[in-house]
């Protein structure tokens, strides 16, 4: 059963041990854009023990280095606690950033199938 969180930055859906976060920001390019969600995302990662934390990036059009750094830190924290980070539904231009930086080899990325 799903229970939404009251986090003001984004909606958090919990399904047992698994957590899904649909990010609504369209451009996560610089420090100021990321600052508002970094703390909440890192808190979710710190509190996740086992299971999967999924970030749905369907509505994210651009992703900058500050957000990539946040994702890498989340990945490390989750891996250390026996959890997994899954990135879903990346826009083609966002996926390209992961390919160019070779981060597609680090992260578990799932795309929607038509």
Quiz item: the chain: D in µm²/s via Stokes-Einstein (Kirkwood Rh, Cα pairs, 20 °C, 1.002 mPa s)?
Solution: 151
Quiz item: Which percentage, to the nearest 5, of the DSSP beta bridges contained in the chain is antiparallel?
Solution: 30
Quiz prompt | Highest-first arrangement of 31-43, 75-87, where packing means the average Cβ count within 10 Å | solution = 75-87, 31-43
Quiz item: Fewest to most neighbouring Cβ within 10 Å: what's the order for 101, 20, 70?
Solution: 101, 20, 70
Self-check item: Mean separation of Cα contacts under 8 Å, 6 or more apart, over the residue count of segment 2-110: relative contact order %
Solution: 25
Quiz item: In nm, what is the difference between 0.36 nm times the number of residues separating residue 39 and residue 73 and their Cα-Cα distance?
Solution: 11.1 nm
Exercise. Calculate for the chain the 222 nm mean residue ellipticity that helices alone would give, adding -39,500 (n - 2.57) per DSSP H run of length 4 or more and normalising by residue count, nearest 500 deg cm²/dmol.
Key: -12000 deg cm²/dmol
Quiz item: How far is helix 65-80 tilted, in degrees, relative to the longest principal axis of the Cα atoms in the chain, given as a value from 0 to 90 rounded to the nearest 10?
Solution: 40
Quiz item: Relative to the first principal axis of the alpha-carbon coordinates of the chain, what is the inclination of helix 31-47, with its axis defined by its Cα atoms, in degrees from 0 to 90 and to the nearest 10?
Solution: 40
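All of the numbers you see were taken from the coordinates with simple rules; none came from a lab. Computed from a prediction, not measured in an experiment: that's the story for all the values here. Methodologically, a virtual Cβ is constructed for each residue, glycine included, from the backbone with ideal geometry; neighbour enumeration extends over all protein chains shown.
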